[in-house]
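Everything on this sheet refers to the single structure shown next.
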Amino acid sequence: MVRSADEAVAAAERLGWPVVVKVADPGASRRAGTVRLGLTGPEMIRNAYTEFAVQLGEGAELAVQRMAPQPAVPTVVGVIENPAFGPVVSFGLGEVTARLLQDQGFRLAPLTGEDAAALVRSVRAAPLLFGEYGYPPVAVDALEDLLVRVGRLAGDLPELARLDLDQVLVGESDVMILGARATLRTPAGPRLDGGPRRLS
(Lines give C-alpha, C1' and ligand atoms only; values in the text may rest on other atoms or scores of the structure.)
Protein backbone atom coordinates (compact mmCIF):
# COMPACT_ATOMS: atom_id res chain seq x y z
CA MET A 1 0.00 0.00 0.00
CA VAL A 2 1.47 3.38 -1.02
CA ARG A 3 0.55 7.07 -0.85
CA SER A 4 3.22 8.68 -3.03
CA ALA A 5 5.04 8.12 -6.31
CA ASP A 6 8.32 7.50 -4.47
CA GLU A 7 6.68 4.84 -2.28
CA ALA A 8 5.16 3.22 -5.36
CA VAL A 9 8.55 3.03 -7.12
CA ALA A 10 10.24 1.64 -3.99
CA ALA A 11 7.50 -1.00 -3.63
CA ALA A 12 7.84 -2.03 -7.28
CA GLU A 13 11.60 -2.37 -6.96
CA ARG A 14 11.18 -4.60 -3.90
CA LEU A 15 8.54 -6.78 -5.59
CA GLY A 16 10.22 -7.07 -8.99
CA TRP A 17 9.03 -5.98 -12.41
CA PRO A 18 6.52 -5.94 -14.03
CA VAL A 19 3.95 -4.68 -11.54
CA VAL A 20 0.32 -3.61 -11.32
CA VAL A 21 -0.77 -0.35 -9.67
CA LYS A 22 -4.42 -0.07 -8.69
CA VAL A 23 -6.75 1.90 -6.47
CA ALA A 24 -6.87 0.30 -3.03
CA ASP A 25 -10.38 1.49 -2.07
CA PRO A 26 -12.82 -1.35 -2.92
CA GLY A 27 -15.58 1.14 -3.76
CA ALA A 28 -13.42 3.14 -6.16
CA SER A 29 -11.86 0.02 -7.67
CA ARG A 30 -15.20 -0.89 -9.25
CA ARG A 31 -14.98 2.14 -11.54
CA ALA A 32 -13.26 1.96 -14.91
CA GLY A 33 -9.70 3.18 -15.18
CA THR A 34 -8.54 2.23 -11.69
CA VAL A 35 -5.87 -0.33 -12.70
CA ARG A 36 -2.59 0.04 -14.58
CA LEU A 37 -1.09 -3.23 -15.80
CA GLY A 38 2.35 -4.30 -16.93
CA LEU A 39 4.40 -1.39 -15.55
CA THR A 40 8.07 -2.14 -16.18
CA GLY A 41 10.03 0.83 -14.82
CA PRO A 42 10.04 3.84 -12.47
CA GLU A 43 8.87 6.30 -15.17
CA MET A 44 5.78 4.20 -15.90
CA ILE A 45 5.04 3.99 -12.15
CA ARG A 46 5.33 7.78 -11.75
CA ASN A 47 3.07 8.38 -14.76
CA ALA A 48 0.47 5.99 -13.35
CA TYR A 49 0.64 7.68 -9.95
CA THR A 50 0.20 11.12 -11.55
CA GLU A 51 -2.88 9.90 -13.43
CA PHE A 52 -4.39 8.52 -10.22
CA ALA A 53 -3.57 11.75 -8.35
CA VAL A 54 -5.49 13.76 -10.97
CA GLN A 55 -8.38 11.30 -10.79
CA LEU A 56 -8.53 10.77 -7.00
CA GLY A 57 -6.49 13.55 -5.42
CA GLU A 58 -2.99 13.60 -3.95
CA GLY A 59 -2.34 11.06 -1.21
CA ALA A 60 -4.88 8.51 -2.45
CA GLU A 61 -4.01 5.01 -1.26
CA LEU A 62 -2.83 2.71 -4.04
CA ALA A 63 -1.80 -0.94 -4.11
CA VAL A 64 1.35 -2.10 -5.90
CA GLN A 65 1.52 -5.81 -6.74
CA ARG A 66 3.68 -8.04 -8.88
CA MET A 67 1.99 -8.82 -12.15
CA ALA A 68 0.89 -12.41 -12.55
CA PRO A 69 3.03 -14.38 -15.02
CA GLN A 70 1.64 -14.60 -18.54
CA PRO A 71 1.10 -17.06 -20.05
CA ALA A 72 0.47 -19.29 -17.04
CA VAL A 73 -1.40 -22.43 -16.05
CA PRO A 74 -3.73 -22.02 -13.04
CA THR A 75 -3.38 -24.68 -10.34
CA VAL A 76 -4.70 -25.27 -6.84
CA VAL A 77 -2.60 -26.44 -3.87
CA GLY A 78 -3.94 -27.34 -0.45
CA VAL A 79 -3.50 -29.10 2.84
CA ILE A 80 -6.23 -31.10 4.54
CA GLU A 81 -6.13 -33.06 7.76
CA ASN A 82 -6.85 -36.77 7.49
CA PRO A 83 -8.00 -38.20 10.85
CA ALA A 84 -6.01 -41.41 10.28
CA PHE A 85 -2.86 -40.15 8.56
CA GLY A 86 -2.41 -36.49 9.54
CA PRO A 87 -1.79 -33.65 7.06
CA VAL A 88 -2.17 -34.42 3.36
CA VAL A 89 -1.06 -32.13 0.50
CA SER A 90 -3.49 -31.88 -2.41
CA PHE A 91 -2.82 -30.64 -5.94
CA GLY A 92 -4.88 -30.10 -9.05
CA LEU A 93 -5.24 -27.78 -12.02
CA GLY A 94 -7.42 -24.72 -11.62
CA GLU A 95 -9.21 -25.11 -14.94
CA VAL A 96 -12.99 -25.44 -14.66
CA THR A 97 -13.05 -28.88 -16.29
CA ALA A 98 -10.38 -30.25 -13.93
CA ARG A 99 -12.33 -28.93 -10.94
CA LEU A 100 -15.60 -30.42 -12.15
CA LEU A 101 -13.93 -33.81 -12.67
CA GLN A 102 -12.23 -33.54 -9.24
CA ASP A 103 -8.91 -34.26 -10.93
CA GLN A 104 -6.73 -34.06 -7.82
CA GLY A 105 -3.73 -35.85 -6.40
CA PHE A 106 -2.79 -36.33 -2.74
CA ARG A 107 0.41 -37.09 -0.81
CA LEU A 108 1.17 -37.35 2.90
CA ALA A 109 3.13 -34.45 4.37
CA PRO A 110 5.97 -33.71 4.51
CA LEU A 111 6.96 -34.23 0.86
CA THR A 112 10.34 -34.99 -0.66
CA GLY A 113 11.25 -33.66 -4.08
CA GLU A 114 10.36 -37.06 -5.53
CA ASP A 115 6.97 -36.96 -3.79
CA ALA A 116 6.24 -33.52 -5.24
CA ALA A 117 7.21 -34.62 -8.75
CA ALA A 118 4.97 -37.67 -8.48
CA LEU A 119 2.10 -35.55 -7.12
CA VAL A 120 2.29 -33.12 -10.06
CA ARG A 121 2.26 -35.98 -12.56
CA SER A 122 -0.53 -37.89 -10.80
CA VAL A 123 -3.35 -35.71 -12.12
CA ARG A 124 -4.85 -36.49 -15.51
CA ALA A 125 -4.46 -32.87 -16.69
CA ALA A 126 -0.70 -32.81 -15.95
CA PRO A 127 0.28 -32.76 -19.68
CA LEU A 128 -0.94 -29.14 -19.79
CA LEU A 129 2.04 -28.23 -17.57
CA PHE A 130 4.52 -29.79 -19.98
CA GLY A 131 3.65 -27.95 -23.19
CA GLU A 132 1.03 -30.27 -24.63
CA TYR A 133 -2.35 -29.40 -26.22
CA GLY A 134 -1.24 -25.91 -27.18
CA TYR A 135 -0.20 -24.78 -23.70
CA PRO A 136 3.32 -23.40 -23.18
CA PRO A 137 5.66 -25.44 -20.96
CA VAL A 138 5.81 -23.91 -17.49
CA ALA A 139 8.13 -23.93 -14.47
CA VAL A 140 7.23 -27.33 -13.06
CA ASP A 141 10.38 -27.28 -10.92
CA ALA A 142 9.14 -24.11 -9.16
CA LEU A 143 5.75 -25.74 -8.63
CA GLU A 144 7.37 -28.84 -7.14
CA ASP A 145 9.44 -26.64 -4.82
CA LEU A 146 6.25 -24.93 -3.64
CA LEU A 147 4.64 -28.32 -2.94
CA VAL A 148 7.66 -29.38 -0.86
CA ARG A 149 7.46 -26.12 1.11
CA VAL A 150 3.73 -26.50 1.69
CA GLY A 151 4.28 -30.07 2.87
CA ARG A 152 7.00 -28.92 5.25
CA LEU A 153 4.70 -26.18 6.58
CA ALA A 154 1.94 -28.73 7.18
CA GLY A 155 4.33 -31.04 8.99
CA ASP A 156 5.83 -28.30 11.16
CA LEU A 157 2.61 -26.52 12.22
CA PRO A 158 0.23 -28.82 14.11
CA GLU A 159 -2.19 -25.90 14.54
CA LEU A 160 -2.81 -25.79 10.77
CA ALA A 161 -6.08 -27.60 10.08
CA ARG A 162 -6.51 -26.58 6.43
CA LEU A 163 -4.72 -24.51 3.79
CA ASP A 164 -6.06 -23.47 0.39
CA LEU A 165 -3.82 -21.78 -2.18
CA ASP A 166 -6.24 -20.85 -4.97
CA GLN A 167 -5.04 -20.03 -7.52
CA VAL A 168 -1.38 -20.73 -7.98
CA LEU A 169 -0.33 -19.50 -11.43
CA VAL A 170 2.56 -21.47 -12.89
CA GLY A 171 4.39 -19.35 -15.45
CA GLU A 172 7.36 -19.95 -17.69
CA SER A 173 9.90 -19.20 -14.95
CA ASP A 174 8.12 -19.08 -11.57
CA VAL A 175 4.88 -19.46 -9.64
CA MET A 176 2.62 -16.83 -8.11
CA ILE A 177 0.02 -17.41 -5.39
CA LEU A 178 -3.03 -15.24 -6.03
CA GLY A 179 -5.11 -16.29 -3.04
CA ALA A 180 -4.50 -18.08 0.26
CA ARG A 181 -6.79 -19.11 3.11
CA ALA A 182 -5.74 -20.97 6.25
CA THR A 183 -7.88 -22.54 8.97
CA LEU A 184 -6.29 -23.02 12.38
CA ARG A 185 -7.34 -25.25 15.25
CA THR A 186 -8.78 -23.27 18.17
CA PRO A 187 -7.25 -24.02 20.52
CA ALA A 188 -4.36 -25.79 18.85
CA GLY A 189 -4.33 -29.41 19.92
CA PRO A 190 -2.26 -32.51 19.18
CA ARG A 191 -2.67 -34.28 15.89
CA LEU A 192 -4.73 -37.42 15.96
CA ASP A 193 -2.18 -39.63 14.19
CA GLY A 194 0.66 -39.35 16.74
CA GLY A 195 2.85 -41.84 14.85
CA PRO A 196 6.36 -41.34 13.49
CA ARG A 197 6.62 -38.75 10.71
CA ARG A 198 8.94 -38.94 7.72
CA LEU A 199 11.37 -36.01 7.42
CA SER A 200 12.21 -34.42 4.07
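The values are calculated or read from the model by the stated rules, or taken from the named source; none is laboratory data. From a predicted model like this one, the values you see are computed outputs, not experimental measurements. Note that we place each Cβ from the backbone using ideal geometry, even for glycine, and neighbour counts take in every protein chain shown. When the accessible area is computed, the model is the full protein with side chains, heavy atoms only, and any ligands, DNA or RNA have been set aside. Shrake-Rupley method; radii C 1.70, N 1.55, O 1.52, S 1.80 Å.
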Springs between alpha-carbon pairs under 10 angstrom, Gaussian network model over the chain: which of L143, L93, L165 fluctuates most? L165
If you roll a 1.4 Å probe over the chain with all protein chains in place, what percent of the accessible area is carbon or sulfur? 55
Where the centre of each part is set by its Cα atoms, how far does the range 142-173 sit from the range 1-73, in angstrom? 28
What is the extension gain from E43 to Y133, computed as 0.36 nm multiplied by their sequence separation minus the C-alpha to C-alpha distance, in nm to one decimal? 28.5 nm
Starting from the Cα-Cα distance between R149 and R66, subtract it from 0.36 nm times their residue separation and give me the gain in nm to one decimal. 27.8 nm
Average accessible area per residue (Å²) across the chain - probe 1.4 Å, nucleic acids and ligands excluded: 55
Sequence order, the range 160-173: Karplus ³J(HN,Hα) from phi using 6.51 cos²θ - 1.76 cosθ + 1.60, θ = phi - 60°, Hz rounded, Gly and Pro as x, gives 7, 8, 7, 9, 10, 9, 8, 9, 10, 8, 9, x, 5, 10
When a/c reaches 1.5 or more, the comparison of a/b and b/c decides; with that in mind, is the range 1-88 rounded, prolate or oblate per its Cα gyration tensor? prolate
Interchain or sequence-distant (5+) residues whose placed amide H lies within less than 5 Å of the amide H of Q167 are L178, G179
About the Cα centre of the range 54-107, what is the dipole size in debye to 20, counting +1 per Lys and Arg Cβ and -1 per Asp and Glu Cβ, all else neutral? 220
Expected 222 nm ellipticity per residue - DSSP helices of 4 or more, -39500 (n - 2.57), all of the chain, to 500: -8500 deg cm²/dmol
Given points 7 Å out from each Cα along the Cα-Cβ axis, report the V35 to D141 separation in nanometres with one decimal. 3.2
